[in-house]
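Have a look at the structure that comes next, please.
The values are calculated or read from the model by the stated rules, or taken from the named source; none is laboratory data. This structure is a prediction, so every number in the text was calculated from the model and none was measured. Here the Cβ is made from the backbone with ideal geometry for all residues, glycine too, and neighbour counts use every protein chain on show. The protein model used for the area step is the full one, side chains on, heavy atoms only, and it has no ligands, DNA or RNA in it. Shrake-Rupley method; radii C 1.70, N 1.55, O 1.52, S 1.80 Å.
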Amino acid sequence: MSEESLMASDEGERRLIAQVDSISNQLCQAVDGNFEFHIHTDSDEIALQKLAQLNNFVLDSVRRTIRDLKATRDELETRVEERTQRLNLVLTATNDGVWEWDIDSGNITLSQRWSSMLGLPHDGQQRGLDDWLLRIHDDDRAEVQRSLYQHIDGLTPSVNVEYRIRDARKAWRMVLCRGLCQRDGNGVAIRMAGTQTDTTEQRLVDPLTQLPNGAYLDMVLRERLARAPLLPMALVKFQLLNVASLFDGVAVDVAVAALQGLVQRMRRQLPPRVALIALPEHTFAMIFETDAIERLDNALEPLEALLSQPVEIDGQQVWLSHVSGVAAFNPAEPVSVDEWRHQSRLALANARLSDVGSRRYYSEPLRHWERQNSRAEQLIRGALATRGVRCFVQPIVNAVTGEIRGFEALMRLYEPSEGIVTPSSFIEVAERSGLIAPLWGMLMEQALPMLRDDKIRRRFGDDFLLSVNLSTRQLMDPKLLDVMIAASARHGVSYRRLQIEVTETSVLSDPIKAFRILDRIRAAGISVALDDFGSGYSSLAQLTSMPMDTVKIDRELVMNVTSLPRKRHVLSAVVALCQRLDYRIVVEGVEERDTLEILREWGVTDIQGYIYSQPLPLDRLVEDLAPPRPFRPRATAGGPYGSSLTSPAA
Amino acid sequence: MIGLIQRVLIDHLEIHHGKAAVESIAAQAGVLSLGRRIDTDYDDADTLAFFAAAGDYLELDFDALMTLYADLFIKWTRQHYPIFFSMADSAQAFLGRQPAIHASLGAGIRDPHLRDRVSDKFRVVEKSELKLIVDYRSANGLCTLYRALFLRVLEEYGQSGELVETRCQHRGDEACRFDMTFAEESAA
Ligand code: HEM
């Protein structure tokens, strides 16, 4: 090879190497994982062009593969995203949060929804199991732990436990937690996952009225008192007294619908932000953001106006009566939730003692009243413990013949320092506390023997009735009849000589039930008397349908009839009505001869009152009660007004 | 079209008829600068015009030119892309891979549109041991070339077989379809 051709081939080889090198250099761009480039060569050599071409092919294949992988990944992601969204949708709809517990690491992963359910920020971070458990109410935690571990141990098919958990606002929410273990081939638990459902709402709604319930009130009160700054507020308790009359002779679902309708109308009478909360015994609570009496009066007026209208039910009109109690909250003198509720309860209880429609505001004197109540309770408990119940009796006299038709047994308590205490200072507390039953039992133990007491029989015969008062609670007690029959049997007397006295208020608290019970009692041969008729709000409508034998007209209607013509008209109308309805009539509270004259003119025979005798201790009866003399109209008797109708004691 | 196609013909003409002949054929075809880089895409119209002019020069009709060209082409590709041949142990295996070979050579084109244009021309519709169906879709309408190459490939592998063009762009079909069958026994 010549020098020249050697140089030429040297030159050719160098160019070739440079061109190969150029291709290599271009390929260096791939170092960053970037394949978006193109190999180029200037060479005329087919081999180099091939090299460039096939490198380009490889690069293109890499790009294509990456693109395909990315497309697949995108598609998978979209699908996962879609599924997640769909799952989230389902979980949102069911109000569920999701949790996952990796048992080995002890880590808990909580879903966004889980966190937001409790108002917690969702940082997506893993937490320890304790983070979760510590939020759970102290009283519920052990149970939650137990159900988790029981399931891990394979004792239970799943976790299913309800508990209270604290949310971000430090309020309690009720949640239902369900979970399931994933296990390996040997049945060893690897992880547990499940849902948490907020059941607070279910727990917070009153099923009858669909209003928020007492648990809700409790929560709201706690929230309001946790606010800073505290604001003036008022807690109002509003009670419907005779809801039972809605159910009177009406199908239950119709009555429930009427009640629900009424409740909705009541709700609309309130400012939108004031919740109407349903409590037991047809009581409703409301929280107002003011403690000014005037503003509260204004706010409650529409509600009361609504209830002054009758409720239409089954084509009938029913008037519901109500009372309310208000406890204002003064931020300057904050009280606890329990105290606040207690104050409103006191105000309501006090309102119940007054006329229907009345509203009581809590004040210090109510505390005093409450203390008295508690003193009354002490008195009752003392009397029960020391057999301090005393039976007094007051005769019901046939004015025409002077015969004793019966004795009303009246309860008195003996207290060592106060002596004899009359029912006015304890009966209400006794009824409310349920202590009336044992008191009544003791009274009966003393009263029943009088029916076979020789001295009494000799003096007053074997026909008089023993009339006993019953409280609402006793009346509604289904065992009442059995108790009376058993007590009579124990004392060897006939229960047919018993008469029970019930008040209108008792009967109207649940007329259907009361009527049923009274029917049974009368069917057994025990007489039923309606006591205190005319003292409170009386319903003539009830008078016509009530299963009873006797109406006892209250002294309220009788007082001053001799001097007030209008009262005389009312009394005469009531007497005439009872006579027309064939009820026996006993007029109570008759103290004067003139009154008796009038009553006799209207044909009333049976009289109970001071004119014959005040209530006497049972053990002094024979000694202190002179046999009554038959009434002689003045024309015949010629006696002066006010003359005594009893002969001097024998 | 990728320069490889005309290069095979240019090389042949240069060797057997001289540089001057190639230049006059190019002038006849109206091709100003004749490219022959196998990694570069040239104007389809230039390629087709050069082929037509070469046919005139060689006094061959299109079928004969294609038969000649197929022979040149297989020889040329066997020399420069021997692996494509050794990878396939039969004509049907080679022909079955042909669309992929085109796509890989087309992948060398810088412009993605043109790249796809090359890659999309051929598509295997059906492939089994003795049967192959391929679709060919191209404005260049070179199904004659395909048929010639088919026969030449059979010869290369010493096989016999048959090609029926069941669809053809020249007959108004959207694409040409080559329905190919291969004899069981080798013809050799
Ligand atoms: C190693 C083998 C082969 C190589 C390297 C090869 C390469 C090429 C190249 C680079 C083109 C130009 C493509 C363009 O720019 O669009 C082409 C076109 C073509 N090839 Fe091949 N080819 C091979 C085998 C075959 C075989 C076996 C056949 C037929 C049986 C075939 C049929 C065609 C046809 C019909 C065209 C024209 C396409 C058009 O532009 O319409 N090729 N070939």
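Can you give the % of DSSP beta bridges in the protein assembly as shown that are antiparallel, to the nearest 5?
DSSP beta bridges in the protein assembly as shown are roughly 75 percent antiparallel.
Go through A:GLY128, A:LEU118, A:LEU148 and say which Cα lies farthest out towards the positive end of the charge dipole of the stretch A:95-203; charges sit on Cβ, +1 for Lys and Arg, -1 for Asp and Glu.
Of the options given, the answer is A:LEU118.
Based on Cβ point charges of +1 for Lys and Arg and -1 for Asp and Glu, what charge dipole magnitude is obtained for the stretch A:29-93 about its Cα centre, in debye rounded to the nearest 20?
The dipole of the stretch A:29-93 has a size of about 440 debye.
Then there is this: Quantify how strongly other chains surround peptide A:34-43 by giving the mean number of their Cβ atoms within 10 Å of each of its Cβ atoms.
Mean number of neighbouring Cβ atoms from other chains: 2.
In whole angstrom, note down how far apart the Cα centers of the stretch A:239-257 and the stretch A:309-335 are.
Measuring centre to centre over Cα atoms gives 17 Å.
Using Cα pairs under 8 angstrom and six or more residues apart, how large is the relative contact order of the stretch A:95-203, in percent?
Normalised by residue count, the contact order of the stretch A:95-203 is 28 percent.
Please give me the summed charge of the neighbours of A:ARG473: other residues whose Cβ is under 10 Å from its Cβ, Lys and Arg +1, Asp and Glu -1.
Cβ neighbours under 10 Å give a net charge of -1.
Can you tell me how much longer the chain between A:SER158 and A:ALA486 gets when fully stretched, taken as 0.36 nm per residue apart minus their C-alpha distance, in nm with one decimal?
Full extension of this stretch gives 112.7 nm more.
What does the extension gain come out to for A:LYS170 and A:VAL80, with contour length at 0.36 nm per residue minus their alpha carbon separation?
Fully extending the segment from A:LYS170 to A:VAL80 adds 28.9 nm.
Based on the Cβ-Cβ distance from A:ASP582 to A:ASP138, what FRET efficiency comes out when R0 is 45 Å, to the nearest 0.05?
Efficiency for this residue pair is about 0.10.
Per residue, how much accessible surface does the protein assembly as shown expose to a 1.4 Å probe? Answer in Å², no decimals.
For the protein assembly as shown, the solvent-accessible area averages 51 Å² per residue.
Expressed in whole Å with the largest first, what are the equivalent ellipsoid semi-axes of chain B derived from the C-alpha gyration tensor as the square root of 5 times each eigenvalue?
The answer is 27, 19, 17 Å, longest axis first.
Extending each Cα 7 Å along its Cβ direction at A:ARG63 and B:TYR81, get the distance between those two points in nm, one decimal.
Between A:ARG63 and B:TYR81, the simple spin-label model gives 2.0 nm.
Given points 7 Å out from each Cα along the Cα-Cβ axis, report the A:CYS28 to A:ALA524 separation in nanometres with one decimal.
Those two pseudo-labels are separated by 11.3 nm.
Of B:PHE62, B:ILE25, B:ALA49, which is farthest on the positive side of the dipole of the stretch B:18-74, counting Cα position, with +1 on Lys and Arg Cβ, -1 on Asp and Glu Cβ, and the Cα centre as origin?
B:ILE25
Estimate the FRET efficiency between A:SER545 and A:ARG458 by the formula 1/(1 + (r/R0)^6), using the beta-carbon distance for r and 45 Å for R0, to the nearest 0.05.
0.60
Taking the dipole about the Cα centre of the protein assembly as shown, with the C-beta of Lys and Arg at +1 and of Asp and Glu at -1, give me whichever of A:THR283, B:VAL134, A:PHE407 is farthest to the positive side.
A:PHE407
Just checking the output field for A:53-59: average partner chain Cβ neighbours within 10 Å of each residue's Cβ?
Rounded to a whole number, the mean comes out at 6.
Nearest 20 debye, what's the magnitude of the dipole of chain A about its Cα centre given +1 on Lys and Arg Cβ and -1 on Asp and Glu Cβ?
Using only the charged Cβ atoms, the result is roughly 3980 debye.
Ignore the peptide's own chain and count Cβ atoms of other chains within 10 Å of each Cβ in B:75-85; give me the average, rounded.
Mean shielding by partner chains, rounded to a whole number: 1.
Can you tell me the orientation of helix A:252-268 relative to chain A, as the angle in degrees between its alpha-carbon axis and the longest Cα principal axis, to the nearest 10?
70
Where Lys and Arg each count +1 and Asp and Glu each count -1, what net charge lies around B:GLU129 among other residues with Cβ under 13 Å from its Cβ?
Value of the local net charge: -1.
Right, something else. Nearest 10 degrees is fine. How inclined is helix A:46-93 to the longest principal axis of chain A, computing both from alpha carbons?
0
Of the peptides A:44-54, A:361-371, A:100-110, how do they stack up when ordered by the mean number of other Cβ atoms within 10 Å, highest first?
Put in order of decreasing packing, that is A:44-54, A:100-110, A:361-371.
Something else about it: Treating only the Cβ atoms of Lys and Arg (+1) and Asp and Glu (-1) as charged, compute the dipole magnitude of the stretch B:3-59 about its Cα centre; round to the nearest 20 debye.
Using Cβ point charges on Lys, Arg, Asp and Glu, the stretch B:3-59 gives about 180 debye.
Same structure again: Taking the Cα-to-Cβ direction at A:ASP594 and at B:ALA64 and moving 7 Å from each Cα, how far apart do the two end points lie in nm?
That separation, rounded to one decimal, is 15.9 nm.
A further question on this structure: Which lysines have a Cα lying under 18 Å from the Cα of A:LYS513, excluding residues fewer than 8 positions away in the same chain?
Straight-distance partners of A:LYS513: A:LYS479.
Quickly rank A:409-416, B:171-178 as a protection proxy: mean count of other C-beta atoms within 10 Å, highest first.
A:409-416, B:171-178
Report the net charge of residues surrounding A:THR84, where surrounding means a beta-carbon distance below 13 angstrom and charges are Lys +1, Arg +1, Asp -1, Glu -1.
The answer is +1.
For every helix of n ≥ 4 consecutive DSSP H residues, a contribution of -39,500 (n - 2.57) applies; sum these over chain A, divide by its total residues, and give [θ] at 222 nm rounded to the nearest 500 deg cm²/dmol.
So the helix-based figure for chain A works out to -14000 deg cm²/dmol.
Could you give the angle, 0 to 90 degrees to the nearest 10, between helix A:364-385's Cα long axis and the longest principal axis of the Cα atoms of chain A?
Between helix and principal axis, roughly 70 degrees.
Over the protein assembly as shown, with every protein chain in place, what whole percent of the accessible area is carbon and sulfur at 1.4 Å, could you tell me?
52
Using alpha carbon centroids, what distance separates the stretch A:160-196 and the stretch B:96-135, in Å?
58
Next question, about the same structure. Across the stretch A:507-515, in residue order, what do the Karplus-derived ³J(HN,Hα) couplings come to in whole Hz, using 6.51 cos²θ - 1.76 cosθ + 1.60 with θ = phi - 60° and x for Gly and Pro?
These are the phi-based 3J(HN,Hα) values: 5, 6, 5, 7, x, 4, 5, 4, 4 Hz.
Another one. Roughly how big is the B-A contact, given as buried accessible area in Å² (both sides, 1.4 Å probe, nearest 100)?
Result for this pair: about 1500 Å² buried.
Between A:TYR414 and A:GLU601, what is the FRET efficiency for a Förster distance of 35 Å, r being their Cβ-Cβ separation, to the nearest 0.05?
About 0.25, to the nearest 0.05.
Right, something else. What share of Cα pairs, in percent, lie more than 46 angstrom apart in chain A?
Here the long-distance tail beyond 46 Å is 48 percent of all Cα pairs in chain A.
Taking Cα pairs under 8 Å and at least six residues apart, what relative contact order does the stretch B:1-129 come out at, in percent?
This gives 22 percent for the stretch B:1-129.
Here's something else I'd like to know. More than 16 Å apart: what percent of Cα pairs in the stretch B:3-59 qualify?
So the portion of pairs separated by more than 16 Å is 32 percent.
Can you list the HN-Hα couplings for the stretch A:194-210, worked out from phi with the Karplus curve (6.51, -1.76, 1.60; θ = phi - 60°), rounded to whole Hz and with x for Gly and Pro?
For the stretch A:194-210, the Karplus-derived couplings read x, 10, 10, 10, 7, 9, 3, 4, 4, 6, 10, 10, 7, x, 6, 9, 6 Hz, x marking Gly and Pro.
Let me ask you something else. Length gain on complete extension for the stretch A:ASP104 to A:LEU208, per 0.36 nm per residue less the alpha carbon to alpha carbon distance?
32.7 nm
Take the alpha carbon atoms of the stretch B:34-95, find their center, do the same for the stretch A:448-513, and report the distance between the two centers in whole angstrom.
127
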